[in-house]
Amino acid sequence: MLTGYSDQLSVRPGDDLPFRVSTDAVQFDVQILRLWHGDSDMRGPGRRETTLDVPVNGRYPGRLQSFPTGSYVVVPNHSDLHPTGDFTALVWFWPTRPGEGEQVILSKTAPGGAGYELGLNREGCAYLQIGEKRIIVDAVVQPRRWHCLAATFVAPTGDVALSIGLHPNDLSVLDGNPIIMARMAMPLAQDAPLVMAAALQDGRGERFFNGKLADPCLVSHAMTQSEVANWVWHGFGEDVQDHCLAAWDFSLGCSEAVIHDRAGRCFDGYTVQSPVRSMTGPHWRGNTAGAGAGSAIHFHEDSLTDAGWDESFRFRIPVGLPSGVYAARLTAGEEIDDLPFLVLPPKGKATAQLAFLMPTFTYLAYGNELCPEYGLNCVYDRYVDGAGVPFASARHPVKTFRPDRGILKSVTGERFGRHLCADLYFIDFLANVGQSVDILSDHDLHREGAALLAPYRGVITGSHPEYVSGQMLDALETYLAAGGNLAYLGGNGFYSVTSLSDDGALIEVRRPNGSRPWSSDPGEGTHQITGESGGLWRFRGRAPQRLVGVGFTAQGWTSTDACGLPRPYQQVSDRTHPLAAALLAGVSPDAKIGDFKTLGLGIGAAGDEVDRTDHDLGTPVQTIVLATATGFSTDYQVTIDDRREVNEASTLPGHPMLRADMVCFQTPAGGFVFSASSMQWFSALGHDGYDNSVATVTRNVIARMLQQDRLRPDAPGSLAPV
């Protein structure tokens, strides 16, 4: 086994970039590379890379490092949290995997067993454990329903009561006796933290709770059953607050890792492995704010957003290193793994007239897609309890962020390049035509805004800029309003609302609407990082048609995760407009564009996921449709976003929305926008040694951006690998 990760996806000259590696080999070798073309298919340019002679190259000791999966909350130890008299522990819980192993809800135990613990046993019944003695309620909890759990202790007698009940508005009935009473010894004081949704063993979580928790509190007297019932209905009244040791309100500070104690004793806690916040609680009644909105946290045993591995080596990016795509190649015996990273130009300085905006948000969003490794999730996955994963992190291996083709296949069984592999096709194309370029990233655009783009004559997107933040959209709009030129050479771009954590390691995506791999539950479409509404930008009034003239209309994916075959574009513009004439120069008016075999998917440059114009959604009125691809098979279906009803016409071939529109338009400030509207555009560039219709149009777009007559297909390569 050999894998690793770097702490960030993009860096600048002079930055230090730590790498963290896990291997069962005694040692491993490191070689820094510059990547040009990651695809080993020799029908195209083939894999191309350049080795760098840098001090970090060499041999390093290997070690295995594990994945500390599981989310929970830790409240640091404090003597006032040791019960020394009567007390009550209360918590609402919404289990998702009852009966799937023992699961701890609340724990304050020290080595040797001293302390107390509330949880669910292997049969799905609630228990209270004090020291070595355990009592169990004879009622099996129900999945995905809110239960109140209350444990009371009377110090002078040792009388204990453990009761459980469903929310009063839930008309279901629990089988069995919902309360048990016993006599137990006083919990011994323990020098240990209080933990929610797990227990700690040697500093690591275990016996994780799967599901939501809300309103946990500790009360310094033994509440009667009528007091517990009053709390169930009304929450924290003054009579409860007067005796509270701690009352944690999960609706406060959802963007933080801090769990706030609102009882005024400052017993704040912190989250581990990013449990999902901004979730609805037991008292939520469909309102967008108020009682129950955001009052719960969803915990999962397979959450992992920070592997926390020790550093294995560190690469200081040399001053003067050209902007580009690089990788640290790890080698141990027969095993090889490449860890890519992007090098930007020095901050505040452009080293080229053209910028390539690489979609690092999308790289993370799809990171580890279909990966069998437990805990390595992406936003296309579900946790083990079935809930959708809203987070993707750079602080663990991202195994799909690699230069070669992934595991996805066409309907003919051929693997094809997506994401970084596809974007490297464009890097190699630029080297072939001799066009220098600065590499930029989503992360840097989010942080720096329009100032990052301002120095460039033209900005070109990657093949799939699907996940974008409001800050990124603002920056692109500002750039275009100032006269900039933008080429959108992908498909399904500017689609999903995406948040970025302050440290840049974590993106968040919620899915209340649109085409999606899973759906956010009602009331849970709000991002915890920013507090904004999640889903599609289209449903927040910022459809991609407003920015680039086109937006997502169809995808070719079958139920078996195979992709339907692409189609070529048929020209529809008469070239009377000077912009249309310039962009189509060198392509015969009767020629289909991209009517040849691409790298992996089939014949045609329009495929995988494609876009269309729509003036109702904001396509500028001056937009010119240069060419359109139609005739897709029924493997391609119109997006859910556009379906208002379901009938036989919605799945028949030839649906008018099932097309890819190649467009251009001039902006009021004097710039222009070109949109290819297909994720497969880059896969067609290398055909016939970059001498083809797709490459010709791409050269024309760049030439227009740079105000040149034309880029020659055989221009000397200022970027050409040596």
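The values are calculated or read from the model by the stated rules, or taken from the named source; none is laboratory data. None of the values given here were measured: they were computed from a predicted structure. All Cβ positions, glycine included, derive from the backbone under ideal geometry; neighbour counts span all protein chains shown.
Points worth noting:
- Within region 158-177, the set of residues being part of a loop (DSSP other than H, G, I, E, B) and either among the charged types (D, E, K, R) or within 15 Å of LEU118 (Cα to Cα) (or both) comprises ASP170, ASP175.
Residue-by-condition table, conditions (1) at pLDDT 95 or above; (2) surrounded by fewer than 20 Cβ atoms within 10 Å (Cβ to Cβ); (3) under 28 Å from the mean Cα position of the chain (by Cα):
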site: MET196; (1), (2), (3): yes, no, yes
site: PHE209; (1), (2), (3): yes, no, yes
site: TRP233; (1), (2), (3): no, yes, no
site: GLU256; (1), (2), (3): no, yes, yes
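- A search for C-beta distances below 7 Å between a residue of region 351-363 that is at positive phi and any residue that is surrounded by fewer than 24 Cβ atoms within 10 Å (Cβ to Cβ), counting only pairs 6+ apart in sequence or on different chains, returns nothing.
- Test result for PHE313, within 30 Å of ASP561 (Cα to Cα), of a type outside the set (Val, Ile, Thr) and at pLDDT 95 or above: no
- The residues of region 37-82 that are assigned by TED's automatic domain parsing to the domain that holds ALA328, in a loop (DSSP other than H, G, I, E, B), out of contact with any Lys or Arg (no Cβ under 8 Å at 6 or more places or on another chain) and modelled with pLDDT under 95, listed by number, are MET42, GLY44, PRO45, GLY46, ARG47.
- Which listed residue, of HIS147, HIS78, is surrounded by fewer than 18 Cβ atoms within 10 Å (Cβ to Cβ), within 37 Å of the chain's Cα centre (by Cα) and closer than 16 Å to CYS217 by Cα: HIS78
- Residue in region 91-105 that is crowded, with 18+ Cβ neighbours inside 10 Å, among the charged types (D, E, K, R), in a loop (DSSP other than H, G, I, E, B) and in contact with a strand residue (DSSP E or B) (Cβ under 8 Å, 6 or more places away or on another chain) present: yes
- Scanning region 620-665 for residues that are outside any loop (DSSP other than H, G, I, E, B) and over 20 Å from GLY549 (Cβ atoms) returns GLN637, ILE640, GLU648, ALA649, SER650.
- Residues in region 407-437 that are under 15 Å from ARG47 (Cβ atoms) and within 21 Å of the chain's Cα centre (by Cα) were compared, and the one that is surrounded by the most Cβ atoms within 10 Å (Cβ to Cβ) is LEU420.
- Against the test of being more than 20 Å from GLY491 (Cβ to Cβ) and not assigned by TED's automatic domain parsing to the domain that holds GLN273, the options VAL437, VAL379, VAL411 yield a single qualifying residue, VAL437.
- For ASP404, the stated conditions do not hold, so it cannot be described as touching a residue at least 40 places away in the same chain (Cβ under 8 Å), of a type in the set (D, E, K, R) and crowded, with 18+ Cβ neighbours inside 10 Å.
- Checked against (1) in the same structural domain as LEU2 (by TED's automatic domain parsing); (2) buried (at least 22 other Cβ atoms within 10 Å of the Cβ), ASP338 passes all but condition (2).
- Residue that is farthest from ILE32 (Cα to Cα) [pool: residues in region 286-313 that are under 26 Å from the mean Cα position of the chain (by Cα) and outside any loop (DSSP other than H, G, I, E, B)]: ALA296
- Filter pass, ARG47 being within 31 Å of the chain's Cα centre (by Cα), basic (Lys, Arg) and more than 30 Å from HIS419 (Cα to Cα): no
- Residues that are assigned to a strand (DSSP E or B), of a type in the set (Lys, Arg), at pLDDT below 95 and surrounded by fewer than 18 Cβ atoms within 10 Å (Cβ to Cβ) do occur in region 117-133.
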